[in-house]
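All remarks here apply to the structure that follows.
The values are calculated or read from the model by the stated rules, or taken from the named source; none is laboratory data. Computed from a predicted model, the values in this text were never measured in an experiment. Cβ coordinates were reconstructed from backbone atoms using ideal geometry, including for glycine residues, and neighbour counts include every protein chain displayed. To get the accessible areas, we keep the full protein, side chains included, count just its heavy atoms, and leave off ligands, DNA and RNA. Shrake-Rupley method; radii C 1.70, N 1.55, O 1.52, S 1.80 Å.
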Amino acid sequence: MKFFVDTAEIKEIEALAATGLLDGVTTNPSLVAKSGRKFMDVLKDICAVVKGPVSAEVTATDHKAMLAEGRKLAKVADNITVKVPLTPDGLKTCKVLSSEGTMVNVTLCFSAAQAILAAKAGASFISPFVGRLDDVGSDGMALIADICTIYRQYESFKTEVLVASIRGPMHVVAAAKLGAHVSTMPPSVLWQMFKHPLTENGLAAFLADWKKTGQSILD
Ligand code: E4P
């Protein structure tokens, strides 16, 4: 499973990239607004650090303007993935950009029917939002199961399932069990994945005992 981080904060991205476990980045207009920075500057900075797919979302809603925005965003770097919303205009834009060789991430997916449309439009990634579905009393992970099952039925579907709106490590584990290709998560969730109290306690005990030996491995 690939790990993407869902943020526009370059410091957070740099810290996670340094772990060697980061495969890509997703941003959205809300995250860019939160950063308080110019979108293009943010994208250039991220693409200088992360070589994997970096999602940059269009903000127009009609096909012609979306296409113009998508083409401009795609010029920022080879690893830019243009993000379009799951609307008729968004999917029309996805089809054109994909045929031009640009990776497209279709976002705001909340149903299996929508995911089928995105695959037919040639999306590189489909982003079903599990947390937002859970928030309204639906079962986000059931949607991931449905999409993974459907995509496996058709060799012609090359779209990767990018699990989005992740709220905690157990969402990542559940998505991995289903064979989803990618999880995108807030930086805090990726850091939480490292943690277990038994690891911390066990390490503290090992180090305390080692200290008693008075030895150093590098001496
Ligand atoms: C995905 O690409 C979205 O940016 C993101 O996962 C949305 O998550 P949220 O529901 O926490 O805003």
> Just to be sure, is residue 162 touching a strand residue (DSSP E or B) at 6+ places or on another chain (Cβ under 8 Å), part of a strand (DSSP E or B), within 15 Å of the ligand (Cβ to nearest atom) and modelled with pLDDT of 95 or more?
Replying inline: yes
> Is there any pair with a first residue in the range 100-111 that is more than 14 Å from the ligand (Cβ to nearest atom) and a second that is open to solvent by less than 10 Å² (accessible area, probe 1.4 Å) whose Cβ atoms are under 8 Å apart and which are 6 or more apart or on different chains, and what are they?
Replying inline: 102/70; 102/80; 102/81; 102/82
> For residue 123, are the conditions met, namely being within 16 Å of the ligand (Cβ to nearest atom), part of a loop (DSSP other than H, G, I, E, B) and touching a helix residue (DSSP H, G or I) at 6+ places or on another chain (Cβ under 7 Å)?
Replying inline: yes
> Do you know which residues across the range 154-212 are among the acidic types (Asp, Glu) and under 19 Å from residue 6 (Cβ atoms)?
Replying inline: 160
> Looking at residue 180, is it touching a residue at least 60 places away in the same chain (Cβ under 8 Å) and either open to solvent by 10 Å² or more (accessible area, probe 1.4 Å) or farther than 20 Å from residue 80 by Cα (or both)?
Replying inline: yes
> Can you tell me which residue in the range 126-159 is most open to solvent (accessible area, probe 1.4 Å), limited to those that are near the ligand (Cβ under 10 Å from one of its atoms) and of a type in the set (A, V, I, L, M)?
Replying inline: 133
